[in-house]
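Take a look at the structure below.
Since every read-out is calculated from the coordinates, none of them should be taken as a lab result. On a predicted model such as this, the values are computed, not experimentally measured, just so you know. Virtual Cβ from ideal backbone geometry, glycine too; neighbours counted across all protein chains shown.
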Amino acid sequence: MNTTMVKLNNQQNQTAANAESQRKEAVYHTKDLNLWYGTNHALKNINLEINEKEVTAIIGPSGCGKSTYIKTLNRMIELVPDVKTSGEIKYRGRNILQKGYGVEELRTKVGMVFQKPNPFPKSIFENVAYGPKIHGIKDKKILNQIVEKSLKGAAIWDEVKDRLNENAFGLSGGQQQRLCIARCLAIEPDVILMDEPTSALDPISTLKVEELVQELKKEYSIIIVTHNMQQAARISDKTAFFLNGEVIEYSETDQIFSNPADQRTEDYITGRFG
Amino acid sequence: MKLINESTILRRMKPRLIKNLVFKCLFMAATIFALLVLGILLYRVITQGIGYLDWQFMQGLPSRNPEQAGVKTALIGTVWLMAVVAPVTLFFGVGTAIYLEEYAKKGKFTTFIQVNISNLAGVPSIVFGLLGLTVFVRALSLGTSVIAAGLTMSLLVLPIIIVSSQEAIRAVPKELREASYGMGATKWQTILRVVMPAAIPGILTGGILALSRAIGETAPLVVLGLPLFLAFLPQSVFDMFTVLPMQIYNWTGRPQEEFHAVAAAGIIVLLTLLIIMNSVAVYIRNKFQKRY
């Protein structure tokens, strides 16, 4: 099946087997990244190394650049007019900010889940099949398999299996968001970027998405932006604290929440500002 | 200390309510006046024309005899005109709208184009007639043919369809585009599979309204020199032809009283056509209107 689908990297599967004993490999190396919206210096000298098959949380107050950063990782930021960048972001060894790096190719490897659930005004099936279809998969059998696998992967299969041809707008907000995650899984990405995926959801739906993230990190590298510090503490392995476009602190989540190195981090996580 | 005095408020309550009522009546009167004028117009046209409106009228060719005069050449001519205007405006109009909304970088140049499209929509139709006469009829030697008139009318309604298509495209939430780009779709795939399906009802509505404007316009065609009296049907787009409003214009100009009634019958045919087209537009809009 895999040969016809958007293929997962073989190497990656091997390294996954060794991952327990060895140091995890990095998916993203960010080096001296600067970003400007017009004249507004939004990201300042970002240096981050993000590991595969982990959940990396990015926290910080509004306007600190965390969404900007995550959108730079799949170059969605380019949809904003007047954006300039310098420095480099290496994804699996190649600089994605380099001229000539195909943005479409990058985004088949790096999926994204957005803040507001954004299903297409199509059937549930068509929503999930969208990604494979744009990459040229037409075989109905394979599409059926992809849709089932993706919906199961996003823990929503049982809820929708009997109404795959109904419009996705008939689902609840939480279901829509899990559908969007399924849609993202359908292109078998390597990394999943999540930009405050639960901020529009109720607590029960949020819990479901959080459980899902725990499940997904076995196979995917996940980078999640969140406003909710408890959420970061619950689900992430590493946490980066952003403030005014800079990375103030980046380390193991336990470390950050129990014993932050920087005073500003402590102030933020204890709720003294932000 | 209380800053608001209850008795003053109560005292002022009544004038406020009266004012409210006065304005309500005023605006209702404005609406009723418009409806009344429309009603009188329809009543006059229908009572005058209904007598001549029969199958023979629909089938007949123009004639010197009001009893035998028919609307066939004009009606078929209008259909020919639509057959040229619809594909031309949809292609150029939607193409321009897609380019401006999806591809073009927002800047001075696009603003300049945008302003000019809006201005073009306000240019009197007779000016387009002069343009058509110079370019299509004379320079390209197309004569007073279906194609020359069709292209002139296309230019006339192009701004309308561009603006309405742009609005329809702009109304597609950017979250849907992001979702598509986020999965590695190209711009064209996103436009084709996400933007267009969501925008098509709006585009069609605008298209039909533009088309109904095109078939109702007379001035540019007068300038082009369309024949007022034509007793044969066009066989191709390069043939001479006439359209409903021209035919009506011709009949109202005749000295005989009977022809004025024939003109009224022609107006009924034209109005029916326009009402059908506008109803289709409304139907499409309501049926396919999606909430996001």
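Could you list the trypsin sites (Lys or Arg not before Pro) in region B:144-201 that lie in coil according to DSSP, counting only those with at most 13 other Cβ atoms within 10 Å of their Cβ? Let's see the in-between values first.
Numbers: sites: B:R170, B:K174, B:R177, B:K187, B:R193; in loops: none.
Listed in order of number, the matching sites amount to none.
Couplings 3J(HN,Hα) for region B:97-109, derived from phi with the Karplus relation 6.51 cos²θ - 1.76 cosθ + 1.60 (θ = phi - 60°), are 4, 4, 4, 5, 7, 9, 9, 5, 6, 5, x, 4, 5 Hz, where x marks Gly and Pro.
The phi torsions of region A:74-86, fed into the Karplus equation with coefficients 6.51, -1.76 and 1.60 and a -60° offset, translate into couplings of 10, 6, 5, 4, 5, 6, 7, x, 6, 9, 10, 10, 9 Hz, rounded to whole numbers, with Gly and Pro shown as x. With a cut-off of 19 Å on the backbone N, the residues of region B:77-114 near the modelled label site 7 Å out from B:R170 along Cα-Cβ are B:93-114.
List the GluC sites (Glu not before Pro) within region A:147-213 that fall in a DSSP loop (any state other than H, G, I, E or B) and whose Cβ has at most 15 other Cβ atoms within 10 Å. Let's see the in-between values first.
On the way: sites: A:E148, A:E159, A:E166, A:E210, A:E211; in loops: A:E166.
Passing sites in region A:147-213 are A:E166.
For the protein assembly as shown, the convex hull drawn through the C-alpha positions has a volume of 255 cubic angstrom per residue. Given the options B:V223, B:V22, B:V237, which has the most mean-square fluctuation in a GNM of chain B, springs set between C-alpha atoms less than 10 angstrom apart? Fluctuation is largest for B:V22.
Report the FRET efficiency, 1/(1 + (r/R0)^6), for B:T252 and B:V280, where r is their Cβ-Cβ distance and R0 is 25 Å, rounded to 0.05. Efficiency, from the Cβ-Cβ distance: 0.30.
Hey, how many Å between the Cα centroid of region B:178-230 and the Cα centroid of region A:31-68? The two parts, judged by their Cα centres, are 43 Å apart.
Mind checking which of B:N278, B:N20, B:N119 has the largest fluctuation in a GNM of chain B, springs on alpha carbons under 10 Å? Its mean-square fluctuation being the largest, the pick is B:N20.
Divided by 2.2 N^0.38 Å, where N counts the residues, the Cα radius of gyration of chain B comes to 1.31.
What range in chain A is the longest one free of trypsin sites (Lys or Arg not before Pro) that are in a loop by DSSP and have at most 12 other Cβ atoms within 10 angstrom? Answer - A:139-217. Under 23 Å of direct C-alpha separation, and excluding same-chain neighbours fewer than eight residues apart, A:K122 reaches these lysines: A:K133, A:K138, A:K140, A:K141, A:K149, A:K152, A:K161, B:K174, B:K187, B:K287, B:K290. Looking at the protein assembly as shown, send over the antiparallel percent of its DSSP beta bridges, to the nearest 5. About 60 percent, rounded to the nearest 5. Entry note, region B:178-276: relative contact order of 19 percent, from Cα contacts under 8 Å with a spacing of 6+ residues.
Here the calculated FRET efficiency for B:F112 and B:M58, from their Cβ-Cβ distance with R0 = 51 Å, stands at 0.60, rounded to the nearest 0.05.
If I take R0 = 22 Å and measure r between the Cβ atoms of B:L228 and B:F91 in this structure, what FRET efficiency does the formula 1/(1 + (r/R0)^6) give, to the nearest 0.05? Kindly include the intermediate steps, with their values, before the conclusion.
Details: r = 31 Å, r/R0 = 1.42.
The pair B:L228/B:F91 has a calculated efficiency of 0.10.
Take the Cα of B:H260, go 7 Å toward its beta carbon, and the backbone nitrogen atoms of region B:38-61 under 20 Å from that spot belong to B:38-53.
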